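What follows is one structure encoded as structure tokens, with my remarks underneath.
The numbers here are math on the coordinates, done by the rules we state, and not lab data. These figures come from a predicted structure and were not determined experimentally. Because the Cβ atoms are built from the backbone with ideal geometry, glycine has one as well, and the counts that use them run over all protein chains shown.
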């Protein structure tokens, strides 16, 4: 973990996000990149729902995992990459909305493990509704072939 931000962290996060095919598959976009805080948004799509028409828990988990992982990457040194090693998700309300916002934040930075928290919101008419929360542990990876920031 760095004491001050890598001045290129925004570009590193955006470049890594652009390589993540699953985000493109679900129609997710990186909309905010701050030091330790990431936001990803995506529109509602019927092909991403479960049998009741709610956003599938697997899609929610995927987007929150990415938001938390990129929050962790944003505070890592320039030569590090990130891998998720554990997460827990609480599904709080059905995933109903026109759009969804996934926010990941670093809770506890570290040189080997970074703890993150994520929140998913459904956006429709009126205020955004909290629909899920996540706590994740992210590993700082250095010097592994095929894994880059």
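Using a Förster radius of 22 Å, what is the FRET efficiency between residue 92 and residue 49 based on their Cβ-Cβ separation? Nearest 0.05, please. Provide the component values of the computation, followed by the final result.
Details: r = 17 Å, r/R0 = 0.79.
E(calc), rounded to 0.05, equals 0.80.
Considering only C-alpha atoms, what is the centroid distance from segment 72-138 to segment 8-64, in Å? Value for the Cα centre distance between the two parts: 10 Å.
The overall shape of the chain is prolate: from the C-alpha gyration tensor, with semi-axes ordered a ≥ b ≥ c, the ratio a/c is 1.5 or greater and a/b exceeds b/c. Estimated from helical segments only, the mean residue ellipticity of the chain at 222 nm is -6500 deg cm²/dmol, where each DSSP H run of four or more residues counts as -39500 (n - 2.57). Computed extension length for residue 15-residue 147: 46.2 nm, one decimal, from 0.36 nm per residue of separation with the Cα-Cα distance subtracted.
Relative to the longest principal axis of the Cα atoms of the chain, the long axis of helix 9-18 makes an angle of roughly 50 degrees. When the chain is treated as a Gaussian network with alpha carbon springs shorter than 10 Å, the biggest mean-square fluctuation among 122, 18, 67 belongs to 18. Springs between Cα atoms under 10 Å define the GNM used for the chain, and in it the highest mean-square fluctuation of 75, 123, 106 occurs at 123.
Starting with the fewest neighbours, write out 121, 70 ranked by other beta-carbon atoms found within 10 Å of each beta-carbon.
Numbers: 121 19, 70 27.
Lowest to highest Cβ neighbour count: 121, 70.
Most exposed first by the Cβ proxy, i.e. fewest other Cβ within 10 Å, how do 24, 144, 103 rank? All intermediate terms of the calculation are to be shown ahead of the outcome.
Numbers: 24 12, 144 9, 103 20.
Ascending number of Cβ neighbours within 10 Å: 144, 24, 103.
Compared with the direct C-alpha span, the chain from residue 115 to residue 99 gains 3.1 nm at full extension, assuming 0.36 nm per residue. Computed from Cα positions, the angle between helix 57-74 and the longest principal axis of the chain comes to roughly 30 degrees.
Among 52, 78, the order by Cβ neighbours within 10 angstrom, fewest to most, reads 52, 78. Principal axis extents of the Cα atoms in segment 77-139, from largest to smallest and rounded to whole angstrom, are 42, 22, 16.
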